[in-house]
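The values are calculated or read from the model by the stated rules, or taken from the named source; none is laboratory data. The shown structure was predicted, so the numbers you read here are calculated from the model rather than taken from an experiment. FYI the Cβ positions are ideal-geometry reconstructions off the backbone, even for glycines, and counts take in every protein chain you see.
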Amino acid sequence: MKAREAKHGTVKITAAPHVRTADSTTRIMWSVVLSLLPVVGASIWIFGPSALLVLVASIAGCLLTERLFGERGNSLADGSAMITGLLLGLCLPAGFPLWMAFLGGVFGIGFGKIVFGGLGQNIFNPALLGRAFLQAAFPVAITTWPVRSADWWALRGDNFALPFMSPGASDAITGATPLGNVKFGDDPVITPLFDLFLGNISGSLGETSALLILLGGIYLAIRGHLNWHIPVSILVSVFAFSGLFYLLGLSPFSPGFMLFSGGLMLGAWYMATDMVTSPVTNSGCWIFGVSIGLLVVIIRIWGGLPEGVMYAILLMNALVPFINRATQPRKFGSASDKSEPAAEKGS
Amino acid sequence: MVSRLLQTSGLPSFKNGVHPPENKDLTSAIPSRRLPFPAEIVLPLSQHIGRPAQALVKPGDRVERGDVIAEASGYISSFVHATAAGTVKSIEHWPHPAGAMQPSVRIEVDPHSTQLQRPRLVPHWDEVPEEQLSEEISKAGIVGLGGAAFPSHVKLRPPEDQPVDVLMVNGCECEPYLTSDHRTMLERPEHVHQGIRIVLRALGIRRAVIGIESNKPDAIEIMRDTAPGDLDISVQPLEVKYPQGAEKMLIKAVTGREVPSGKLPSAIGALVQNVATTASVALVFETGQPLIERIMTVSGRGIRQPGNWVIPFGTKLSDVIAACGGLNDDAAEIVFGGPMMGQSQASLDVPVLKATGGILVLSNDECKRQDILPCIRCGKCLEACPVFLNPQLMGALARVDRFEEMAENNLGDCMLCGCCSYVCPSNIPLSQLFAMSKIQLSRLQAA
């Protein structure tokens with residue numbers, strides 16, 4: 001079955017079709033990486049060298065694990081481990097100890113992907129699984145959010161903490177995220193929407209600029225490298241449900257605030273759209289997206305955590321096989337017939 | 001996704017499908033010319049769906065162009081005629097485009113013959129009783145020239161309980177590169193229409209719709225201009241989309257109705273014939289010429305002189321290539337038919353057949369193969385499949401030999417159009433897997 005590459009002067013005998021689209025899995029993966037570069041740049045601009053260090057550590061964890069345990073020899077080349085590393089790094093705080101970020105990458109690829117059989121076989125988004133592991137293992141470190149510092153070169157936390165040592169007291173200034181602020185703050189402050197949109201807030205690396213994530217996502221949608229049904233249904237669902245609860249007086253969050261705060265943008269455009277862990281049918285994608293949106297709203301308003309995007313997506317990842325089964329395409333020839341023939345119109 | 005929205009033309013079509021690069025401008029403006037008669041003709045007894053024909057000649061026999069050399073060996077079978085005058089050399093196994101060796105009649109072509117037909121009495125189409133028309137068509141060896149080569153006389157006798165009320169004439173030619181149907185419509189519109197008239201008479205109906213993809217505006221115009229006024233014949237421009245020319249897709253586009261799974265088009269009162277088929281039907285009643293040659297497109301960036309040629313069946317691939325200036329240095333793959341469903345050829349000795357609408361010589365750049373990666377469940381194949389299958393699921397089942405389960409997922413509806421393989425970013429050979437699974441399944445069911 002493996003295509004034999006013909007050298008000059010040899011004849012190819014292959015099965016039809018003999019032509020293929022230029023799109024390839026490898027190209028899709030690397031274009032996702034490309035579209036994330038502005039977000040990476042913004043996180044470094046906001047959080048300084050710490051952001052770069054955290055990203056490098058999580059990427060290193062992912063690539064190394066893929067290289068050592070990946071089944072196919074060249075599985076690094078397909079770019080999927082790179083995406084996992086990038087996305088994991090982007091949902092960590094800047095002051096996160098590097099060894100933890102590295103460990104998150106190892107867990108995400110190792111237990112999130114390779115134990116299932118590698119690319120295409122995993123049930124959960126590997127980056128989110130890595131983050132869920134870190135959240136469970138290091139709940140304090142992962143919720144220590146640095147704010148913008150006057151000195152760009154200063155580390156935003158104890159990045160170089162040694163494994164299993166309690167992080168030293170850091171002189172970086174930390175602050176609550178906009179979501180945490182509203183939910184748990186003594187003196188709730190609603191962060192202005194415009195700041196949320198541009199990213200002038202505290203939060204994890206990639207949580208900060210909704211604008212750049214939106215641009216990257218739209219680029220991918222235009223190229224056909226992500227299924228736009230998923231982000232659109234998630235965002236519409238979050239807006240609708242949070243608006244409903246806001247109007248009913250059950251929620252302190254306005255729908256606009258809900259859309260642009262926390263990890264929703266990154267989750268909707270980059271995490272939930274992971275092709276491997278999302279439904280294959282468009283109708284399935286609507287069910288998937290709307291459910292994620294509803295879960296996010298419920299967790300944010302009534303849950304014990306300030307943010308719910310990660311668990312909402314992971315939960316729905318687990319249900320994808322069932323969604324796929326429930327949304328099989330209808331059999332051709334089973335539609336109710338239209339009696340009016342279209343033929344006469346054109347001639 | 002967005003590009004898909006931009007490509008919607010508003011013309012009638014079907015759901016899903018793909019838009020491979022058309023590459024038709026390589027040959028679409030080149031009028032067909034006659035290929036010189038080769039020194040030898042090889043005519044397989046099986047050039048159609050159904051039982052192979054029964055040979056009527058023996059080595060040493062002299063045959064004229066158009067003589068019957070093999071007769072149909074059953075209802076679903078077809079006649080084979082000598083496509084050039086000469087002497088029968090032998091009847092032996094010879095490489096066949098479908099892959100295996102097949103019994104074939106080898107004829108040494110007489111270099112001094114004028115290659116005219118034996119004069120014969122031609123029945124006037126209007127005087128032949130309606131029910132005998134299909135018999136004349138059968139004797140002329142007419143089969144569907146759209147690619148499947150299904151004997152036409154069988155189609156002309158639909159089941160009693162499923163009367164046909166509309167003839168759909170297929171001028172879509174949705175396969176990239178191919179322009180033979182296009183040239184047939186441009187160069188022989190009166191034959192296409194005359195054939196439609198005869199087929200309508202055989203069916204006892206008056207209505208026909210000619211479906212043509214909108215990338216052939218000149219063909220649409222000429223077919224409209226030459227349509228006879230006394231019959232209900234209309235021309236329907238259709239969206240350019242592969243596989244618009246598949247029977248079920250054409251019917252869906254023109255009537256808005258779906259042929260039920262496992263049923264023939266006659267189940268909804270339709271019958272589909274290719275434009276080249278109707279043109280050859282016309283010849284049978286005009287000059288008595290049976291189906292012995294057709295326009296074929298020779299194209300691709302691996303051939304020196306792409307063009308359209310009238311080629312007698314049985315001409316060997318090597319003779320066709322030689323007449324077209326030979327191969328370019330980067331020629332990599334030779335395909336009979338279009339690039340989406342055509343068959344790769346392993347030998348230059350294979351003869352062209354009735355169903356050979358085109359011969360493609362693809363260069364390395366045109367048929368690049370990439371490594372097969374694991375399925376990432378992107379769902380692009382589901383959006384491509386014109387008969388709404390789930391190729392992603394079926395591909396996974398095929399790889400673990402769960403053929404019965406594939407049948408439950410409507411493997412039978414798959415027409416091997418190749419859309420799923422075409423779009424797959426991981427280059428999984430889905431339609432190849434399905435072709436093999438169909439064979440495995442029929443073996444299981446036979447056992």
Considering only residues that are touching a Leu at 6+ places or on another chain (Cβ under 9 Å) and at pLDDT below 85, look in segment A:306-347 and name the one that is nearest to the other protein chains (Cβ to nearest Cβ). A:GLY346
Got a sec? Which of B:CYS424, B:CYS420, B:CYS385, B:CYS414 is in contact (Cβ under 8 Å) with a residue 60 or more places away in the chain and not assigned by TED's automatic domain parsing to the domain that holds B:ALA39? B:CYS385
Pairs, please: C-beta under 7 Å, at least 6 apart or cross-chain, first residue in contact (Cβ under 8 Å) with a residue 12 or more places away in the chain and in segment B:193-220, second surrounded by fewer than 18 Cβ atoms within 10 Å (Cβ to Cβ) and part of a helix (DSSP H, G or I)? B:HIS193/B:THR226; B:ARG201/B:GLU130; B:ALA202/B:GLU130; B:GLY204/B:GLU130
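Condition check ((1) modelled with pLDDT under 95; (2) in a loop (DSSP other than H, G, I, E, B)) across all residues:
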position	(1), (2)
B:SER73	yes, yes
B:VAL88	no, no
B:GLU92	no, no
B:VAL105	no, no
B:THR114	yes, yes
B:VAL128	yes, yes
B:SER138	yes, no
With respect to A:VAL290, is the statement that it is touching a helix residue (DSSP H, G or I) at 6+ places or on another chain (Cβ under 6 Å), β-branched (Val, Ile, Thr), farther than 20 Å from A:PRO126 by Cα and modelled with pLDDT under 95 true? no
Within segment B:305-333, take every residue that is within 23 Å of B:VAL143 (Cβ to Cβ) and in contact with a Ser or Thr (Cβ under 7 Å, 6 or more places away or on another chain) and give me the one that is surrounded by the fewest Cβ atoms within 10 Å (Cβ to Cβ). B:VAL310
State the number of residues belonging to segment B:339-349 that are more than 7 Å from chain A (Cβ to nearest Cβ), in contact (Cβ under 8 Å) with a residue 40 or more places away in the chain and among the aliphatic types (A, V, I, L, M). 0
Checked segment A:226-274 for anything closer than 20 Å to A:LEU34 by Cα and surrounded by fewer than 22 Cβ atoms within 10 Å (Cβ to Cβ); matches are A:TRP228
So which residues in segment A:206-231 are closer than 26 Å to A:ALA94 by Cα and of a type in the set (Gly, Ala, Ser), if there are any at all? A:GLY206, A:SER209, A:ALA210, A:GLY216, A:GLY217
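In contact (Cβ under 8 Å) with a residue 40 or more places away in the chain, within 14 Å of chain B (Cβ to nearest Cβ), farther than 19 Å from A:THR84 by Cα and in a helix (DSSP H, G or I): is that true of A:VAL236 in this structure?
On the way: in contact (Cβ under 8 Å) with a residue 40 or more places away in the chain: yes; within 14 Å of chain B (Cβ to nearest Cβ): no; farther than 19 Å from A:THR84 by Cα: yes; in a helix (DSSP H, G or I): yes.
No: the conditions fail for A:VAL236.
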Among (1) in contact (Cβ under 8 Å) with a residue 24 or more places away in the chain; (2) farther than 26 Å from B:SER344 by Cα; (3) touching a strand residue (DSSP E or B) at 6+ places or on another chain (Cβ under 7 Å); (4) not β-branched (Val, Ile, Thr), there is one condition B:GLN54 misses while meeting the rest; what is its number? (1)
Quick one: which of B:GLY262, B:GLY204 is under 22 Å from the mean Cα position of the chain (by Cα) and surrounded by fewer than 24 Cβ atoms within 10 Å (Cβ to Cβ)? B:GLY262
Subset tally (residues that are closer than 19 Å to A:GLY130 by Cβ, among the charged types (D, E, K, R) and in contact (Cβ under 8 Å) with a residue 40 or more places away in the chain) for segment A:41-75: 1
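Here is a yes/no grid of residues against (1) under 21 Å from the mean Cα position of the chain (by Cα); (2) within 13 Å of chain B (Cβ to nearest Cβ); (3) assigned to a helix (DSSP H, G or I); (4) buried (at least 23 other Cβ atoms within 10 Å of the Cβ):
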site	(1), (2), (3), (4)
A:ILE46	yes, no, yes, yes
A:ALA81	yes, no, yes, yes
A:PRO93	yes, no, no, yes
A:PHE107	yes, no, yes, no
Out of B:THR297, B:THR226, B:THR278, B:THR287, report the one residue that is surrounded by fewer than 19 Cβ atoms within 10 Å (Cβ to Cβ), among the polar types (S, T, N, Q), more than 17 Å from B:ALA84 (Cα to Cα) and touching a residue at least 12 places away in the same chain (Cβ under 8 Å). B:THR226
Can you tell me which of (1) in a loop (DSSP other than H, G, I, E, B); (2) assigned by TED's automatic domain parsing to the domain that holds B:TYR242; (3) buried (at least 19 other Cβ atoms within 10 Å of the Cβ) is the one B:GLY338 doesn't meet? (2)
Exclusive hit being on the phi < 0 side of the Ramachandran plot, in contact with a helix residue (DSSP H, G or I) (Cβ under 7 Å, 6 or more places away or on another chain) and within 11 Å of chain A (Cβ to nearest Cβ), set B:VAL298, B:VAL254, B:VAL284: B:VAL254
For segment B:64-83 the number of residues that are small (Gly, Ala, Ser) and either within 16 Å of B:GLU135 (Cβ to Cβ) or surrounded by fewer than 19 Cβ atoms within 10 Å (Cβ to Cβ) (or both) is 5
Quickly run through segment B:261-278 and pick out the residues that are in a helix (DSSP H, G or I) and within 18 Å of B:ARG206 (Cα to Cα). B:PRO265, B:SER266, B:ILE268, B:VAL275, B:THR278
